[in-house]
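The values are calculated or read from the model by the stated rules, or taken from the named source; none is laboratory data. Note that this is a predicted model, so its numbers are computed, not measured. No Cβ is skipped: glycine too gets one built from the backbone with ideal geometry, and neighbour counts run over all protein chains shown. Please note that ligands, DNA and RNA were not included when accessible areas were found on the heavy atoms of the full protein model with its side chains. Shrake-Rupley method; radii C 1.70, N 1.55, O 1.52, S 1.80 Å.
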Amino acid sequence: MKLKTKLILISIILFFPGFLFSQERNISVNTDWNHIRHAWDASWITHPTESVFDYGVFHFRNTFSVAEVEKPTTIYVSGDNRYRLFVNGVEVSNGPARGTLKHWRYETVDISDYLKPGKNTFAAEVFNLGEYRPVAQLSHKTAFILQAEGVLSSQLNTGTRSWKVVRDGAYSAIEVTRAMVEDYYVAGPCDRIDGSKKVWNWETENFDDSEWETPKIVTLGAGYGYMHGIPWYLVPRTIPEMEQKVVRIPKIVRSNGIKLSTDFLLGEKSLKIPANSKISILLDQTYLTVGYPEMIVSGGKNSSIKVTYAEALIAKDGTKGNRNITENKEIRGYYDIFLPDGENNRKFRPLWLRTYRFIQIDIETKNEPLFIDDYYGIFTAYPLKENASFECGNSAISQIWKVGWRTARLCAGETYMDCPYWEQLQYVGDTRLQSLISLYVSGDDRLMRKALQLLDNSRIPEGLTMGRSPTAEPQVTPPFSLYWVDMVHDYFIHRDDTTFVKQFLPGIQAVLGWFERRTDTNGMLGGLDWFNFSDWTTGFMVGSPAGVDTSNSALISLNYAYSLDRASELFQFFGKNFEADRYKNQAESIKKSVFKNCFDSEKQLLKDTPFADSYSQHTNIWGILTDAIPPEKQKSVLQKILTDKSLIQTTIYFKFYLFQAMHKVGIADDYIEQLALWQEMIDKGLTTFEEGDYDERSDCHAWGATPNYDLLATVCGIRPAAPGFKKIEIKPAFGELSFIKAKMPHQYGIIEIDLSKNSSGSISGYISIPKKTTGIFYWKGKQQILNGGKCDINF
């Protein structure tokens, strides 16, 4: 050995004594590609020859044997776009939960209850909706991955030669066009399924897959933080499996070409459609729902079944009118087409969710009769539990609560959705309200947590979040980035979980920095890029208030100040006093500038900009919520907001902020009167609350469900009085009600109210709050301290 080499080795041993020991422990495996941190043992697989980017349905199978079943037997599974996994013919997982390529979800499943000693079969359906996929659905290419723990990994991990694959040639896409639904639609295609080409019973144990092909390996699986480029960064699912249950269709509206009863809808008797006939059946679920309609048929070779889905029927003048009135109306909506192959017990099911109240089945048979053996829906939604209740002796309010909760349920899936029929997109403005509804009625915060993280991860280099996420088509909405900041504060004030909240502080700084850089010399915001949506109201340009494109929108300036105040509170809590003081000072400066430049002393209202004679409820609501309008003026301003119809009016969405202002200035007793708008929707036969009173597009829009929040937060007056909801404020606003009985979930238990008000205004009853909390009760200028447990009230 040369002297130079010896000296180098001696130096290494002296100064790095762990070197030789490291070599003995085989630390060098860290350079092995297959054992790098975050790498999976399984690989993504796909079809070896078919297009992996276009619309297509693929089946994967793996048959293997086990001597005995270990408990638990855990697997990790995902797919692109989506998958359904069966073990021995039983569906055990459906996913992945919707996300982004940088945070692609996988499911963790214990399959031990579905395994048996001896032969077992795994089967997965993976579909890619290609160019027609929902805007909320991101994708790289068609692929599937599964990894097992323990002794089964060598047999089950994708990437081994034990898996097989085939493309199901029965499926083709039906693009949903504007001509079909007559408005903006981005929730994915419908399906044409040819039974004569379909691979039937592919998921069953005894199916012969000997002619199937060996899948092609795409790349190894890897988690977030993996050192090399990878299409999907896998992260665990953070929400529960969707609730699924059978729902029967109870009503036949009318039929043409056939006489029938509802027996076939109950699964009690098959409906026979004679050979060489054309028939049409219009069904009414009687309420809006979402899920997977399933039709089981026999016979009817070469027949055609068209199934059309709609929220409501359409009159000749193009309006929906009362949803319960069906005479002289027709169905217009997206549709699936099923083509039976003539065999028995064939189940047709669409690949993705359908939303409907009304369904029309149009059938044309050829030389064989067709039998519909059964037809029903599989209701599918996030498993929100109705853990809150509200009673006041008013049946109309009880119905508003019921319809509002149905609205919230249908707009909650693997993410929050603005609407289930048209878009299925998680917009921040909608999501903030949905999150509060979930917290108050269910107590489940998991969708809110997921939404906060998805939006934080959607940030563009300028600092703003996307206005919606996930989304394959970017849409930047600066006010919605501010609502994301407000959502973080909502979580902070309602949940005792500061570790989760702290991760968002850098993102909050990025959002607020974007607005700071656009502050004008007069202290208000200057002209803003992107889509500055505030409300779909007459008087705003495509939802955007005056001044956003040119300069000095008072509404968006105050929207910004509102978020600065909340950010200041967050940063103060985490000991970041410099940032907290800075945000507080910026907020105060903006409020003063808006009041100085926009307050009309004659009208005693804020103008929408310093330069235009435009006045809206919205700007003045923000003036109250931020205290840009001095507190002594706020009640009179709010009275003008409620009575002056010359102002640009709020729609259903922005009334949430109107009600916040009413609570703030102490006139929440008028809230019950405001529910007339929701009662009008029920009177029109709506079974969910619509997008707005400005058109009839969406019959189910999440922001319409805010009464379920306000009946608890405004009428009962239950609000956080300290971070983490550790202190509870209860300030009821009875209005004309004589009693209130309510329950509401809290992180540490249940809040319960049972209060009665007599004709003289005295109040009595009790309030119960969780043991780990304290509270304060307010009534007509008086207050009572509440300790954990039951507290008697007598004022």
Over segment 295-313, the set of residues under 13 Å from I359 (Cβ atoms) and open to solvent by 20 Å² or more (accessible area, probe 1.4 Å) is K306
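A quick yes/no check of all residues on (1) farther than 26 Å from S768 by Cβ; (2) not polar (S, T, N, Q):
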{"position": "A661", "(1), (2)": "yes, yes"}
{"position": "Q674", "(1), (2)": "yes, no"}
{"position": "Q679", "(1), (2)": "yes, no"}
{"position": "K684", "(1), (2)": "yes, yes"}
{"position": "E691", "(1), (2)": "yes, yes"}
{"position": "D699", "(1), (2)": "yes, yes"}
{"position": "T706", "(1), (2)": "no, no"}
{"position": "A722", "(1), (2)": "no, yes"}
{"position": "I750", "(1), (2)": "no, yes"}
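This table checks each residue for (1) over 22 Å from L234 (Cβ atoms); (2) in a strand (DSSP E or B).
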site: D54; (1), (2): yes, no
site: T63; (1), (2): yes, yes
site: V69; (1), (2): yes, no
site: V77; (1), (2): no, yes
site: L85; (1), (2): no, yes
Among the candidates D336, D317, D341, which residue alone is out of contact with any strand residue (DSSP E or B) (no Cβ under 6 Å at 6 or more places or on another chain) and either assigned to a strand (DSSP E or B) or over 15 Å from D695 (Cα atoms) (or both)? D341
Pairs please, first residue from segment 353-380 and in contact (Cβ under 8 Å) with a residue 24 or more places away in the chain, second anywhere and among the aromatic types (F, W, Y) and assigned to a strand (DSSP E or B), Cβ atoms under 6 Å, 6+ apart in sequence or on different chains. R354/Y309; Y356/Y309; I359/Y309; I378/Y292
Return the residues of segment 332-347 that are out of contact with any Lys or Arg (no Cβ under 9 Å at 6 or more places or on another chain) and either among the hydrophobic types (A, V, I, L, M, F, W, C) or surrounded by 20 or more Cβ atoms within 10 Å (Cβ to Cβ) (or both); say none if nothing qualifies. G333
Could you tell me whether T415 is farther than 19 Å from A561 by Cβ, of a type outside the set (D, E) and open to solvent by less than 10 Å² (accessible area, probe 1.4 Å)? yes
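Listed here are the residues, each with its yes/no results for (1) out of contact with any helix residue (DSSP H, G or I) (no Cβ under 8 Å at 6 or more places or on another chain); (2) touching a residue at least 24 places away in the same chain (Cβ under 8 Å); (3) on the phi < 0 side of the Ramachandran plot.
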| position | (1), (2), (3) |
| --- | --- |
| E414 | yes, yes, yes |
| K450 | yes, yes, yes |
| N457 | yes, yes, yes |
| G463 | no, yes, no |
| T477 | no, yes, yes |
| F480 | no, yes, yes |
One residue is enough: does segment 380-394 have a residue meeting the conditions over 22 Å from G291 (Cβ atoms), charged (D, E, K, R) and not in a helix (DSSP H, G or I)? yes
Go through segment 455-467 and count every residue that is open to solvent by 10 Å² or more (accessible area, probe 1.4 Å) and of a type outside the set (V, I, T). 7
Only residues in segment 690-711 that are closer than 28 Å to F734 by Cα and without any contact (Cβ under 8 Å) to a residue 40 or more places away in the chain count as the first member; pair them with residues that are of a type in the set (D, E, K, R) and open to solvent by less than 10 Å² (accessible area, probe 1.4 Å), Cβ under 8 angstrom, at least 6 apart or cross-chain, and list the lot. E690/D699
Is it the case that W530 is out of contact with any Lys or Arg (no Cβ under 9 Å at 6 or more places or on another chain), at positive phi and either among the hydroxyl-bearing types (S, T, Y) or open to solvent by 10 Å² or more (accessible area, probe 1.4 Å) (or both)? yes
Collect the residues in segment 43-100 that are within 29 Å of I174 (Cβ to Cβ), open to solvent by 10 Å² or more (accessible area, probe 1.4 Å) and hydroxyl-bearing (S, T, Y), keeping them in residue-number order. T49, S51, Y55, T100
Looking only at segment 660-680, count how many residues are touching a residue at least 24 places away in the same chain (Cβ under 8 Å), in a helix (DSSP H, G or I) and more than 12 Å from G717 (Cα to Cα). 8
Looking for whichever is surrounded by 16 or more Cβ atoms within 10 Å (Cβ to Cβ) and without any contact (Cβ under 8 Å) to a residue 24 or more places away in the chain here; the options are K320, K329, K316. Which one fits? K329
Across segment 172-212, what is the number of residues that are open to solvent by 80 Å² or more (accessible area, probe 1.4 Å) and either part of a helix (DSSP H, G or I) or farther than 22 Å from P470 by Cβ (or both)? 10
Report, by residue number, each residue of segment 761-788 that is more than 14 Å from P732 (Cα to Cα) and loosely packed, with under 12 Cβ neighbours inside 10 Å. K771, I785, N787
Would you mind telling me which numbered condition in (1) touching a residue at least 40 places away in the same chain (Cβ under 8 Å); (2) buried (at least 19 other Cβ atoms within 10 Å of the Cβ); (3) within 27 Å of the chain's Cα centre (by Cα) Y657 fails? (1)
Is it the case that segment 545-555 has a residue that's buried (at least 24 other Cβ atoms within 10 Å of the Cβ), among the hydroxyl-bearing types (S, T, Y), under 30 Å from A722 (Cα atoms) and in contact (Cβ under 8 Å) with a residue 24 or more places away in the chain? no
How many residues, within segment 292-313, are among the aromatic types (F, W, Y) and within 14 Å of I281 (Cα to Cα)? 1
Regarding segment 446-459, can at least one residue be identified that is farther than 23 Å from Y382 by Cα, out of contact with any strand residue (DSSP E or B) (no Cβ under 7 Å at 6 or more places or on another chain) and at pLDDT 95 or above? yes
Looking only at segment 270-277, decide whether some residue is in contact (Cβ under 8 Å) with a residue 24 or more places away in the chain, open to solvent by less than 20 Å² (accessible area, probe 1.4 Å) and either assigned to a loop (DSSP other than H, G, I, E, B) or more than 19 Å from M180 (Cα to Cα) (or both). yes
